[in-house]
Each structure stands twice: as C-alpha cells, then as structure tokens.
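Asker: Shown below is the structure under consideration.
The values are calculated or read from the model by the stated rules, or taken from the named source; none is laboratory data. Not measured: the values here are computed from a predicted model. All Cβ positions, even for glycine, are placed from backbone atoms using ideal geometry, and neighbour counts span all protein chains on display. Calculation scope for accessible area: heavy atoms of the full protein, side chains included, ligands and nucleic acids excluded. Shrake-Rupley method; radii C 1.70, N 1.55, O 1.52, S 1.80 Å.
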Amino acid sequence: MIKKIILCFLIIMLTMFVFLSCGRKAHDVEAAMASLSTDELAVDVEILSSDDFEGRFPASRGEEKTIAFLKEEFEKVGLKPGSGDSFFQEVPLVEITAIPKTDLVITGGENPLEFAYEDDFVGVTLRVQEKVTVADSDMIFVGYGIVAPEYQWNDYDGIDVKGKTVVMLVNDPGFATEDPELFNGRAMTYYGRWTYKYEEAARHGAACAVIIHENAPAAYGWGVVRNGWTGPNFSLITEDGNASRCAVESWITLETTRTIFEAAGKNYDELKKSAEKPGFKAVPLGLKANLILENRIRNGVSRNVIGLLPGSTRADEYIIYTAHWDHFGKNPDLEGDKIFNGALDNATGTAALIELAEAFQQLGSPPQRSILFLAVTAEEQGLLGSDYYATNPIYPLTKTVAVINMDSLNIYGRMKDIRIIGYGQSELDDYVKAYAEEVRRIVLPNPTPEKGSFFRSDHFPFAKQGVPALNAGSGVQHLEKGEKWGLEQIENYIREKYHKPSDEFDPDWDLSGALEDMHMYFKIGYRLSMESTFPNWKEGSEFKLKRDADMQNR
Ligand SMILES: [Zn+2]
C-alpha cells in the first residue's frame, strides 16, 4: 500500500515536472483561453446594451456611462492606462448640418437646369464654415476619379481641376468590367470607395466633388445615400478646420446625371465605357455648377478608451485589439422603442475586448510584445474614432505589428467557416489559416467583396495608414443547422434589427460560436505577441506601398 502511494506520488510529481518545464507555455495559453466564457461575455453585453446606456451615442450622456464602465473594467482586469496616465484619448468632433439655400443649378447649356435637394442630389460641406458657395464652377468628368500608381492609373493626368467641379463614377473599373486583371476584379479596392474619391478630389484642389450614384456599383439604393447625407454629419476636425477638404461633397442620381450629360451634348454611357479603359482622359462638360450651403455647426469631444498590457521583452512593439463602443443613441421622434441599444453592433465586440484583456492577464508571464485594447468611438459616424487614433497614434505605427478588429460577434452558434473580410490583402490571413487548421475550421473570403465591407469597420483606418489589420469572424456554415439556416439568420438580422432599436440583447443567444472566435482572436494576438516578425500586406494590395515606405524610413 505504502509503495503504491509513493508510486502515485512519483507519477504526479513527474507529470507536474513535465508540465512545468516543456509544457508550461502551452499550458499557460490553454488556461488563459479557458478563462474566456460566454457567461461573462453575455453579462457585459447586457450592461453595455441596456437602456441605461442610452444607445451609446458619441458626446452624449450615454458616452459618459459607457466609457466609465470600460475604464472600470479595464482597471479591474489589471490593464494600465493606455494614453499617458489616462484611459482616454480625446477625439475632437464637429457636427455639421447642411441647410441648402438653393437647388443645384447647372448653367452653360441651352437652359439652366435646377435639381432638387434630396430627390436629385445631396451635398454637404465638412469645412467648419457657416456658409460655402460654389459659383460658376467648371464641370469636368474625371471617370472614376482614381490615381493608383500600383495599377498605373491616373484619371487626373494632365488636367487642372483647381476650383472646378469634378463628376465621377462610383466603385472602380475592375467592378464595372469584371476583368480580374483590372484593379481587384469584382472585389472593391479602396479606390472604389466614395471616401477615397472625395479625398483624391481634394488633393487636386477641386471645389466640388460629385459622385454619380448607381445601385449596383454603390451596393445600395438612393434611399441609403439620401438618409445618410441629410441631417447632421459628424467629422473629425483638422487644424485648418477641414479647409483642405472640397467645399462641397455631393452625390447625384443617375437620372440627374443623364440630364446633365445630355445638356452637355455628351453620351453618358459612352463616356462611362471609355472611363473603364486604361489611358482614359478626363472630359470637360462645358457646364458650370452653382450651389450655396449653409451650416449649423456644433463642436463636441468624444473619447477612445485605451488599456495597455505592457510586454515583457519587446514592450515597444504593439498588437492592437479594436472594437467600437458607440452606436446610434436614441431618437425621440420614434414611436415605441426609441433607444438604439446596439447589442450585437457592437456591444458584443466591446465586451470581447474586456474578456480578451482578462484572458491575457491569466497568462503565467506577460507576452513579449505589448497589447493595446482600444475601444473606439464614432464608428457609426464614419470610423471617426479609429481614424483619429490611426492619424494621431499614441504608439508609433511603425512599431504597431497588427490590428485585430471585432465588430459584431456571432450569436447563432458554432460555424465551420471563418470569413475574412478583405481576404488576400495581408499576411494575417495566414495566421487565421494556421489557427483554423488546428481547430478543423475552414477559412473563406467574404462572399460579397464588391460591397466594400473591408472599408467599413475600424480595422480600415489602420490599413489606410499601412498597418496590417484583420477583420475576421464566423461565417454561415452552422455545424448542426447548415449553411442555408446560417445565411437566413444574417439576412433576418440585417432586415429586422441592423441599426434599429430592435438590436437588443437576448439571453437565448447561442454564444458558443462567439467563444470560438474569441479563442481565435486570442491565439492570433498571442502568437503575434511572441514573434519578432512584422507581417506585411501581400503583393498587389493597395496598402503595401505605404507600409513598405514607412518601415524603411523608421
Ligand atoms: Zn453598425
């Protein structure tokens, strides 16, 4: 008997020894991952999306509650303040509401043309100015309005558009032609995104930048443009009060476009075709645009919340987890429920940020590189909080290894597939694939890359500054109920709850898939934090040139 006990004891000691020596790191990681739980995630989501948080609108009382909660949670799990001695990075915002004084008036044709605000066109100015006037501004069709050195493409080649009105197509030539050799084929590149087109027009000094709306290449109808562009618009404020932006940023309907091109004696369809071909030259329309906008201006300050877990040996290199804490607040004009709780979008990602921070603290020893947990503001207003951080970084971007973004976790249960939005862009894809292989999941591209989803969450402002950024999560292949069912859930959500007051927490959510995705976020972040490599953008990505240049000059 004594012998048996001694033998048992020896076996236990031996096992512990093996664990403590060679298996210790792996054991730490497993233990840290085991601390992630769906129960704790649900508790945080419920709090963040409660009516008490008033829909988490930037620069409102809902913000105060939200960021106080996040600070408290970050402190509780042992994170250090990530912005000097504070957990907050102030994000100066301006809210501008345009009140159009006139219709859009086009002169220079046989008769002046007048177009009605909202029905025929929308236009805003993001200059912090009470009034902007566009008068007798020469109109010029600049095709897609793209300057893309990596594709040897320049729609502004040989023309001067200073003070002029540029009219351009939405999306990019790859989408229009479906030619895989042009740009990124059907998948939208950043050059196809409207934000890019306004930025490029401003770089060339155009007074007014007009995008032609068409349903297919825009991926949404005129109603979406009209709702998004009328009423208040938020923006960041630069030192010059956004004076470097175009005076007016505008969209026109296809019908308006046809009327304008006819008055100019041009065939819209033919010009559009010619704009799809390399070597296209901009075409003056011989017409002049006139528009006056008056603004109501309100300044405000919102905050990003930042917690830091310092690394052990390479503390000056960073992995950043991001999730936007904001949502749409409330609308007193609504019947019934007035609060946009934003439970899925994005209380889930924000709660995951807290959970991941806690898991990293469970590691026996801290990771080698530092980890930042960054809850950003005003994503719903145009990725403003993440854009502010990416353009006013607290830690150098050349020392920022990667960004892992979480926006709306999976509430439908375990899925076989992991979808990468922006598949093929960066070497971070390979980290996802390695993880997927380990747990026998599969990695697939986002099924609709032409909709430009890659440019519509908080990883993107980092990508734009060259930092490799990942946006990946569960797909639709439900382990028990299949793909059709999975797809239906997503479609139902978009139809019934997306950006509506009905996006509320439900205790019946199946968070088992979200838990698996959190394991993935943890594992990938952990692996990056223990390596010395800097993953890059893949060849052909529109973000690679910037990263290469920055890393060379650092
Ligand atoms: Zn959203």
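Asker: Between residue 243 and residue 267, what is 0.36 nm times their sequence separation minus the Cα-Cα distance? Round to one decimal in nm. The partial results should precede the final answer.
Answerer: Working: separation 24, 0.36 × 24 = 8.64 nm, distance 3.45 nm.
Stretched out fully, the residue 243 to residue 267 stretch lengthens by 5.2 nm.
Asker: Also, I was wondering about something else. Any chance you could check the Cα centroid distance between the stretch 350-375 and the stretch 413-481 for me, in angstrom?
Answerer: 21 Å
Asker: Ignoring everything but the protein chains, give the 1.4 Å probe accessible area of residue 195 in square angstrom, nearest 10.
Answerer: 40 Å²
Asker: Quick one: if you stick a label point 7 Å off each Cα along the C-beta vector at residue 152 and residue 26, how many nm between them?
Answerer: Each label point is offset 7 Å from its Cα along the Cβ direction, giving 5.1 nm.
Asker: Further, regarding this structure: Taking the Cα atoms only, what angle lies between the long axis of helix 194-203 and the longest principal axis of the chain, rounded to 10 degrees?
Answerer: Computed tilt is about 60 degrees.
Asker: Using all Cα-Cα distances in the chain, what percent lands in each 10 angstrom bin from 0 up to the longest?
Answerer: Percent of Cα pairs in each bin: 3, 17, 26, 25, 17, 7, 2, 1, 1, 0, 0.
Asker: Give, rounded to the nearest 20 debye, the magnitude of the charge dipole that the chain has about its Cα centre when Lys and Arg contribute +1 at Cβ and Asp and Glu contribute -1 at Cβ. Please report the intermediate quantities before stating the final value.
Answerer: Values: 57 positive and 84 negative charges, 310 e Å.
Computed charge dipole of the chain: roughly 1480 debye.
Asker: Shifting gears a bit: Heads up, I need the accessible area for residue 151: 1.4 angstrom probe, whole protein in place, Å², nearest 10.
Answerer: Rounded to the nearest 10, the figure is 50 Å².
Asker: On to the next question. Rolling a 1.4 Å sphere over the protein heavy atoms, what is the accessible area per residue of the chain, to the nearest Å²? All intermediate terms of the calculation are to be shown ahead of the outcome.
Answerer: Numbers: 23870 Å² over 554 residues.
With all protein chains present, the chain gives 43 Å² per residue.
Asker: Still on this structure, please answer the following. Here are some pairs, 416/484; 338/484; 451/484; 197/464; 464/538; which of them have Cα atoms lying more than 24 Å apart in this structure?
Answerer: On the way: 416/484 13 Å; 338/484 33 Å; 451/484 21 Å; 197/464 14 Å; 464/538 14 Å.
In this structure, 338/484 lie more than 24 Å apart at Cα.
Asker: Another question about this same structure. I'd like the accessible area for residue 546: 1.4 Å probe, protein heavy atoms, all chains in place, Å² to the nearest 10.
Answerer: Taking all protein chains as shown, residue 546 has close to 80 Å².
Asker: Going by average Cβ neighbours within 10 Å, how do the peptides 214-225, 248-259, 444-455 rank, with the highest at the top?
Answerer: Values: 214-225: 14.8, 248-259: 20.0, 444-455: 18.4.
Going by the mean number of other Cβ atoms within 10 Å, highest first, we get 248-259, 444-455, 214-225.
Asker: Also, I was wondering about something else. Calculate the FRET efficiency for residue 227 and residue 312 from the Cβ-Cβ distance with a Förster distance of 41 Å, rounded to the nearest 0.05. Please list the in-between numbers first.
Answerer: Working: r = 49 Å, r/R0 = 1.20.
Given R0 = 41 Å and the Cβ-Cβ separation, E is 0.25.
Asker: What ranking of 28, 337, 326 comes out by heavy-atom accessible area, probe 1.4 Å, highest first?
Answerer: On the way: 28 25, 337 65, 326 0 Å².
The ordering from most to least exposed comes out as 337, 28, 326.
Asker: Could you please state how large a percent of the accessible area of the stretch 480-554 is carbon and sulfur, counting protein chains only and using a 1.4 Å probe?
Answerer: Working: 2100 of 4150 Å².
The C+S portion of the solvent-accessible surface of the stretch 480-554 is 51 percent.
Asker: Going by amide H atoms built from the backbone, whose H comes under 5 Å of the H on residue 88, apart from near neighbours?
Answerer: 83, 306
Asker: Find the centroid of the Cα atoms in the stretch 98-157 and in the stretch 206-271, then give the distance between the two in whole Å.
Answerer: Cα centroid of the stretch 98-157 versus Cα centroid of the stretch 206-271: 7 Å apart.
Asker: Positive end of the charge dipole of the stretch 243-338 (Lys, Arg +1 and Asp, Glu -1 on Cβ, about the Cα centre): tell me which of 254, 293, 280 has its Cα farthest that way.
Answerer: The residue sitting farthest along the positive end of the dipole is 280.
Asker: Quick one: which residues, 5+ away or cross-chain, put their amide H under 5 Å from the amide H of residue 206? H built at 1.01 Å from N.
Answerer: The answer is 163.
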